[in-house]
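Notes for the one structure printed next.
The values are calculated or read from the model by the stated rules, or taken from the named source; none is laboratory data. No experiment lies behind these values; they were computed from the predicted model shown. Cβ atoms come from the backbone with ideal geometry, glycine included; neighbour counts cover every protein chain shown.
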Amino acid sequence: MTQSFIPYEEISFEQFLLFIKNNRQQLEENISIYLNQESSLSDHEQKMIGTLLTSFLHFFIYTRIDEVETDYQSNLTTWLQSQLTILNVKSFNLFRLIFEKALITLMIQMKHNRSTAILMFLLSIYTHLNQKFNESLTEDNSHLHTKISQESRTLKQLQSLDRLNKLLIRSSGVHDFAHILKKCEEYFQYKRCVFYAYIPWSNQFYGVIGAELPKVQSMKGELNSKQAMFFNTQKAIFLKNPKGFVKEEHIELFNLSSVIFVPIINKQQLFGWLTFDKLGEEFDSSKEELELLEQVGNRLGLFLSRDGEKPMEPPNLHLTERESMILDLLAEGYDNKKMGELLFLSEHTVRDYVSSLMTKLKAKNRTQVVASAFRVGLLK
């Protein structure tokens, strides 16, 4: 005798989101318990899966309900792409299992009356993620037709990194950074590379170096919670469509389509990010390519950290207290108007101080002022 089908009331993404947000603390505790029970995992595997679980949970916590789009699956795809460098079949399956167990346990603890609807919605999310993850595996495997082609590609990547290493050895300091970024475009076959500095204590970023410098330096602001969730993972992130993660006016300003964000790191210190794109042209990126660009970020982080040239203040270079304050604010990316407001000075007076700094540091623009100040030890 066949059993009758029992329908259930479906829920929306907004309702699922609200449930996760309201029960965040208990869900985090359940996740931690189930993750720690996986005793067969190595420390590295446990850390990797823990990162996936935290990032997945934060995806829901930091998504604003009033900003949810009809096509929420595109945001899920973006989340998956941001985790490609740490995903493999084992970690992907285990992270989903632990999250599901944590969610089911939560609903049992609560005796929730819509448990079936919530669980079914989670399964629909998993179906989408599974499809996109398998597509990424297929794309990676499509590059592996023969052993010769694989070896050829690996050799080409090593040659590109070797060229970067030699360039960094020849370079004498941060004032060469613009030339280095231009070469990165050539070595790794992108049309634009831009450096954005990061100020951790204020969670702010600002554009520093790149083509069309006035546009680049107009880019500044504070990371919102959604952006911080992605960009503070210290992993290379590929956004096939940056909408929702980059402001619309910035997308239009730079004619931005697909883009890769690469953290510049050394010893857990995050200096900022490089962006690689193709001037409005949409493109795909594999896990292998993201891992290669992470190596670029690590090398540039080491380059910015090295102290081979001892920073020494040149003789007869003395900054007044006001000039020092202006220099600090310049390094944090403030414009003349904002500096004037902070220091109770007119924009004209601030402009005079900036001109004085340019003269003393033999710099042609504001960016060179900051770079020279780092080089001679006036900024740390």
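Looking across the stretch 98-125, just one residue is within 24 Å of the chain's Cα centre (by Cα) and of a type in the set (Phe, Trp, Tyr), and that is 99. The listed residues are 167, 181, and the only one of them that is surrounded by 12 or more Cβ atoms within 10 Å (Cβ to Cβ), at pLDDT 85 or above and either farther than 24 Å from residue 281 by Cβ or β-branched (Val, Ile, Thr) (or both) turns out to be 167.
Yes/no matrix, rows are residues, columns are (1) in contact with a Ser or Thr (Cβ under 7 Å, 6 or more places away or on another chain); (2) part of a loop (DSSP other than H, G, I, E, B); (3) modelled with pLDDT of 85 or more:
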position: 281; (1), (2), (3): yes, yes, yes
position: 290; (1), (2), (3): yes, no, yes
position: 294; (1), (2), (3): yes, no, yes
position: 314; (1), (2), (3): no, yes, no
position: 327; (1), (2), (3): no, no, yes
position: 338; (1), (2), (3): no, no, yes
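Consider residue 271 carefully, then state whether it is in contact with a helix residue (DSSP H, G or I) (Cβ under 7 Å, 6 or more places away or on another chain), outside any helix (DSSP H, G or I) and not charged (D, E, K, R). Spelling it out, residue 271 is indeed in contact with a helix residue (DSSP H, G or I) (Cβ under 7 Å, 6 or more places away or on another chain), outside any helix (DSSP H, G or I) and not charged (D, E, K, R).
Against the criterion of being part of a helix (DSSP H, G or I), within 23 Å of residue 63 (Cβ to Cβ) and not small (Gly, Ala, Ser), residue 234 does not qualify. For the stretch 272-299, taking the residues that are small (Gly, Ala, Ser) and either buried (at least 16 other Cβ atoms within 10 Å of the Cβ) or over 18 Å from residue 194 (Cβ atoms) (or both), the one that is nearest to the chain's Cα centre (by Cα) is identified as 272.
Among residues of the stretch 49-78 that are farther than 12 Å from residue 99 by Cα and outside the structural domain of residue 241 (by TED's automatic domain parsing), those with a beta-carbon under 6 Å from a residue that is modelled with pLDDT under 80 and part of a helix (DSSP H, G or I) at least six positions away or on a different chain give the pairs 58/229; 62/225; 62/226; 62/229. Looking at this structure, is residue 345 free of Cβ contacts under 8 Å to residues at least 40 places away in the same chain and in a helix (DSSP H, G or I)? Against the criterion (free of Cβ contacts under 8 Å to residues at least 40 places away in the same chain and in a helix (DSSP H, G or I)), residue 345 does not qualify. For residue 241, the criteria (1) within 20 Å of residue 63 (Cβ to Cβ); (2) part of a loop (DSSP other than H, G, I, E, B); (3) without any contact (Cβ under 8 Å) to a residue 60 or more places away in the chain hold in every case but one, which is (3).
Applying the condition of being of a type in the set (Val, Ile, Thr) and closer than 12 Å to residue 98 by Cα to the stretch 18-48 and asking which residue is nearest to the chain's Cα centre (by Cα) yields 31. Residues in the stretch 181-194 that are in contact with a Leu (Cβ under 6 Å, 6 or more places away or on another chain) and in a strand (DSSP E or B): 192, 193. If only residues of the stretch 259-271 that are modelled with pLDDT of 90 or more and more than 19 Å from residue 244 (Cβ to Cβ) are counted, the one that is surrounded by the fewest Cβ atoms within 10 Å (Cβ to Cβ) is 263. Flag: residue 128 matches the condition of being surrounded by fewer than 17 Cβ atoms within 10 Å (Cβ to Cβ) and either at pLDDT 85 or above or assigned to a helix (DSSP H, G or I) (or both).
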